[in-house]
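J.: Mind having a look at this structure? Questions to follow.
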């Protein structure tokens, strides 16, 4: 594999480039925010390096988010993405680490897609547990080695992943099949 490492101002890019020779790495900076783009298979190793290397020292995971690039005006490496937002308090620096995934089956259902898997970061930052569950629930991206990967915002049999852009705005009838609970019936 080639390294498409950018010549950007953030020294973390050079550090990761030297730590992972031969890996495909991309980076960007926009309005002071640095983003490192890695392949899904390399995500966990890069996150572990960013946390443990004293030159990087990203000791705080502030968020894990899912993104859907369906009908995005610019070309992207994949339809879905997972982004880890990291912070180094010692260096007063932030970094977004992103990986792209492409579904291998239609995304209009809840079927488990083998192409939508990445390794969990819960072993690095225990705080990733709930945010990774939210990404799983809302986008259908599954995290290998997650200690408790189950839905967190919807019920277990919910028929889809509601933050995917191909999910109908009015839902698929799931609200109509559940009994309304009011003050007198609770």
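The values are calculated or read from the model by the stated rules, or taken from the named source; none is laboratory data. Being a predicted model, the structure only gives us computed values, none of them experimental. Reconstructed Cβ throughout: ideal geometry from the backbone, glycine too, with neighbour counts over all protein chains shown.
Every residue, every condition in (1) in contact with a strand residue (DSSP E or B) (Cβ under 6 Å, 6 or more places away or on another chain); (2) within 30 Å of residue 114 (Cβ to Cβ); (3) modelled with pLDDT of 95 or more, yes or no:
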position	(1), (2), (3)
1	no, yes, no
7	no, no, no
10	yes, no, no
19	no, yes, yes
38	yes, yes, yes
42	no, yes, yes
46	yes, yes, yes
58	yes, yes, yes
85	yes, yes, yes
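J.: Let me ask something else. Considering only region 151-169, I want to know if a residue exists there that is within 29 Å of residue 71 (Cβ to Cβ), under 22 Å from the mean Cα position of the chain (by Cα) and at pLDDT 95 or above.
T.: no
J.: OK, next. Which one is surrounded by the most Cβ atoms within 10 Å (Cβ to Cβ), of the residues in region 121-145 that are in contact with a helix residue (DSSP H, G or I) (Cβ under 7 Å, 6 or more places away or on another chain) and closer than 15 Å to residue 83 by Cβ?
T.: Only one residue fits best here, namely 121.
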